[in-house]
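Scroll down for the structure; my scribbles are underneath it.
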Amino acid sequence: MDEWAWRRGRTYGTIIVDLEHNTIADLLPDRETTSVAAWLRDHPEVEIVARDRAEVYGEGVCQGAPTARHVADRWHLLRNLSVALQAVVSQHHAAIRAAAHEVLGPQVEIVRAQQAARLPLTAMKKRSLAIQSRRHDRYEELLRLHDARASVSGMARALQLDRKTVRCWLREGGPPSWRRPPVRP
């Protein structure tokens, strides 16, 4: 027993299938408890009803065939299982992700590095690497001047940087990369 559409999104009915003979037993014009109960009263030979979790069908079967057993068919069992499993997994998503990263993290990084090594550099990537290289060179020069006890203003003038940038690079231990963090599996 399940619902089906006379007109999808507008009018729904109830389909009753004889699962022993794989035939359609009847089509009811609506999804009402009274229709289901009346049909079952007219067919007292029904002992087992395979249905979904819809209250309409549950109440209809209880009223029309109170001694019939309610069971879920294979599709509804699998659907209910998948909903329950998804609910459990979503509650523990962070822990599962952390465990997967702990186990597979090094392997994923190796595969990503191998894939990146096989790909030719794009013009944008070449420009990005050139900019990063120049910025790193400036940072190395900044460290050399800092070790020589140059003032912040003196380092800024020598490297043509703002004093705030000099302070930030020294405090942060390097220039910013502006790279996006890697996507975790």
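Read through the list (1) surrounded by 13 or more Cβ atoms within 10 Å (Cβ to Cβ); (2) more than 25 Å from Leu81 (Cα to Cα); (3) hydroxyl-bearing (Ser, Thr, Tyr), then give the number of the only condition that Tyr57 fails.
Result: Tyr57 fails condition (2) only.
For the list (1) touching a Lys or Arg at 6+ places or on another chain (Cβ under 8 Å); (2) assigned to a loop (DSSP other than H, G, I, E, B), I need the number of the one condition that Ala156 fails.
Failed condition: (2).
What pairs can you find where one residue is in region 1-29 and more than 20 Å from Ile48 (Cβ to Cβ), the other is acidic (Asp, Glu) and surrounded by 10 or more Cβ atoms within 10 Å (Cβ to Cβ), and their Cβ atoms are less than 9 Å apart, with a gap of 6+ or different chains?
Thr11/Asp30; Tyr12/Glu3; Tyr12/Asp30; Gly13/Glu3; Gly13/Asp30
Does Val61 satisfy being part of a helix (DSSP H, G or I) and within 28 Å of Val36 (Cα to Cα)? Before the answer, list the steps.
Working: part of a helix (DSSP H, G or I): yes; within 28 Å of Val36 (Cα to Cα): yes.
Judged against the criteria, Val61 is a match.
With respect to the numbered conditions (1) surrounded by 10 or more Cβ atoms within 10 Å (Cβ to Cβ); (2) more than 30 Å from Arg167 (Cα to Cα); (3) modelled with pLDDT under 85, which one is the sole condition not fulfilled by His92?
(3) is the only condition that His92 fails.
Only residues that are surrounded by 12 or more Cβ atoms within 10 Å (Cβ to Cβ) and either touching a residue at least 40 places away in the same chain (Cβ under 8 Å) or within 30 Å of the chain's Cα centre (by Cα) (or both): list them for region 61-78, please.
The answer is Val61, Ala72, Asp73, His76, Leu77.
Among residues belonging to region 159-179 that are charged (D, E, K, R) and outside any helix (DSSP H, G or I), point out the one that is least open to solvent (accessible area, probe 1.4 Å). Walk me through how you get there before you give the answer.
Residues of region 159-179 that are charged (D, E, K, R), as a first pass: 162-164, 167, 171-172, 179.
Next cut, outside any helix (DSSP H, G or I) only: 162, 179.
Numbers: Asp162: 82, Arg179: 156 Å².
In this case the residue turns out to be Asp162.
Among the listed residues Leu121, Leu77, identify the single one that is hydrophobic (A, V, I, L, M, F, W, C) and farther than 30 Å from Pro44 by Cα. Can you show your working first?
On the way: Leu77 fails: farther than 30 Å from Pro44 by Cα.
Result of the check over Leu121, Leu77: Leu121.
Hey, does region 148-158 have a residue that's surrounded by 11 or more Cβ atoms within 10 Å (Cβ to Cβ), modelled with pLDDT under 90, basic (Lys, Arg) and more than 30 Å from Asp2 (Cα to Cα)?
no
Test Asp26 against the stated conditions and say whether it is in contact with a helix residue (DSSP H, G or I) (Cβ under 8 Å, 6 or more places away or on another chain) and open to solvent by less than 70 Å² (accessible area, probe 1.4 Å).
On the way: in contact with a helix residue (DSSP H, G or I) (Cβ under 8 Å, 6 or more places away or on another chain): yes; open to solvent by less than 70 Å² (accessible area, probe 1.4 Å): yes.
So Asp26 fits the description; yes.
Do we have Ala113 as outside any loop (DSSP other than H, G, I, E, B) and either hydroxyl-bearing (Ser, Thr, Tyr) or modelled with pLDDT of 85 or more (or both) here?
Values: outside any loop (DSSP other than H, G, I, E, B): yes; either hydroxyl-bearing (Ser, Thr, Tyr) or modelled with pLDDT of 85 or more (or both): no.
Against the criterion (outside any loop (DSSP other than H, G, I, E, B) and either hydroxyl-bearing (Ser, Thr, Tyr) or modelled with pLDDT of 85 or more (or both)), Ala113 does not qualify.
Search region 79-105 for residues that are within 21 Å of Ala54 (Cβ to Cβ) and pair each with any residue that is among the β-branched types (Val, Ile, Thr) and at pLDDT 85 or above when their beta-carbon atoms are under 8 Å apart and the residues are at least 6 apart or on different chains.
none
So the check is Cβ under 8 Å with 6+ separation or different chains; which pairs have a first residue in region 116-128 that's surrounded by 10 or more Cβ atoms within 10 Å (Cβ to Cβ) and a second one that's not in a loop (DSSP other than H, G, I, E, B) and not hydroxyl-bearing (Ser, Thr, Tyr)?
Leu121/Leu129
The values are calculated or read from the model by the stated rules, or taken from the named source; none is laboratory data. Since this is a predicted model, take the numbers as computed values, not measurements. Here Cβ is always computed from backbone atoms with ideal geometry, including for glycine, and neighbour counts include all displayed protein chains. Heavy atoms of the whole protein, side chains included, go into the accessibility calculation; ligands, DNA and RNA do not. Shrake-Rupley method; radii C 1.70, N 1.55, O 1.52, S 1.80 Å.
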